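Peer 1: Dropping a structure here in structure tokens format, bear with me for questions.
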Amino acid sequence: MRIVIALLSGALFGLGLAVSDMIDPQRVLGFLDVAGGAWDPTLAFVMGGALIPMAIAWRIAAARKHPAYGATFPAPPSGGIDRRLLGGAALFGAGWGLVGFCPGPALAALSLGGWPVALFVAAMLAGMALHGIVPRLRARVAA
Amino acid sequence: MNFVLQDAMLGLLGGLMIGLASALLLLGAGRIAGISGIVGALLPPKGGAADGENAAFVAGLIAAPLLYAQALGAPAIGVTASVPLLIAGGLMVGFGTRMGSGCTSGHGVCGMSRLSPRSLAATAVFIGVAAVVVAAARLALGG
């Protein structure tokens with residue numbers, strides 16, 4: 001059942017990205033280009049729309065012991081606002097600004113955007129995998 | 001500013017769908033609908049018990065826009081970045097979202113709706129840095 005929920009959630013998420021047009025990097029870059037003279041506020045409406053159901057969902061979760069199919073709700077994130085968090089966010093933001101894709105829209109556009117999207121997604125997956133491998137490489141160098 | 005009412009309404013509708021998708025995953029399976037977390041968990045060197053759920057979510061995310069395009073016509077996917085920028089941007093987005101423990105969905109939607117200070121800080125940083133990069137790129141291109 002959890003797999004069905006995950007499939008439906010992913011599909012609804014992808015549909016939302018298509019309906020809102022966040023699947024188009026030009027739309028996202030139009031939002032990020034605050035000083036360009038033709039600022040496109042659409043992304044703010046998408047973010048606002050997405051926050052409403054989730055704010056309600058967190059309230060429902062707080063009143064329940066466990067999700068419908070599962071043992072626990074995710075705990076609040078541990079750790080504070082550290083260099084890792086801010087450095088990672090800055091690196092992500094820079095890449096986002098260069099192309100206009102963050103992970104969700106890039107995957108949602110994969111079937112429609114041709115080779116440039118495939119190339120971006122391949123590089124993104126490589127970057128994610130690289131992050132997973134770095135601690136191992138460090139451990140090997142230190143050993 | 002370039003405000004189009006229909007774009008804003010579709011943005012709001014798509015955003016609500018994204019929020020509902022995230023709420024479904026939270027209340028149904030007790031999971032955070034963070035794209036970079038879900039995709040990153042599928043990549044080496046990790047891999048584990050939630051692989052089936054994660055793969056189902058990603059399959060839905062990729063397939064739904066294709067169905068949307070079949071039903072309503074393919075949306076434009078405007079990728080203007082050059083090949084080196086696509087690769088660099090992809091690597092930065094991939095590595096940065098893993099290092100910073102989240103992207104627009106995990107921090108921006110799921111974390112901010114929970115009023116997580118970490119997510120509020122990360123979202124402010126990645127939107128801020130992205131806006132600076134977009135402005136710098138426009139100035140460099142003489143736009």
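Peer 1: Taking 0.36 nm per intervening residue step and subtracting the Cα-Cα distance, what contour gain separates A:R64 from A:A142 on full extension?
Peer 2: Net length gain for the segment: 23.5 nm.
Peer 1: So, in nm, how far is label A:T72 from label B:A49 when the simple model puts each one 7 Å beyond its Cα toward the Cβ?
Peer 2: 1.1
Peer 1: At what distance in nm do the modelled label points of B:Q6 and A:I56 sit from each other, each positioned 7 Å from its Cα along Cα→Cβ?
Peer 2: It is 2.8 nm.
Peer 1: Give the dimensionless ratio obtained when the Cα radius of gyration of chain B is divided by 2.2 N^0.38 Å.
Peer 2: In units of the globular-protein estimate, chain B measures up at 1.18.
Peer 1: Please compute the contact order of chain B in relative form: average sequence separation of alpha-carbon pairs under 8 Å and at least six residues apart, divided by the residue count, as a percent.
Peer 2: In percent, rounded to a whole number, it is 26.
Peer 1: Suppose each label sits 7 Å from its Cα in the direction of the beta carbon; what would the A:Q26-B:A74 distance come out to in nanometres?
Peer 2: Modelled inter-label distance: 1.5 nm.
Peer 1: Using a Förster distance of 22 angstrom, determine the FRET efficiency expected from the C-beta separation of B:S82 and A:V134, and round it to 0.05.
Peer 2: Between B:S82 and A:V134 the formula returns 0.25.
Peer 1: If you place +1 on the Cβ of every Lys and Arg and -1 on the Cβ of every Asp and Glu, how big does the dipole about the Cα centre of the protein assembly as shown come out, in debye to the nearest 20?
Peer 2: 1020
Peer 1: Sequence gap at least 6, Cα distance under 8 Å: using those rules, report the relative contact order of chain A to the nearest whole percent.
Peer 2: Value for chain A: 26 percent.
FYI, it's all coordinate maths here, none of it is from the lab. Predicted model, so just to flag it, every value in this text is computed and none were measured. Cβ: placed from backbone, ideal geometry, glycine included. Neighbour counts: every protein chain shown.
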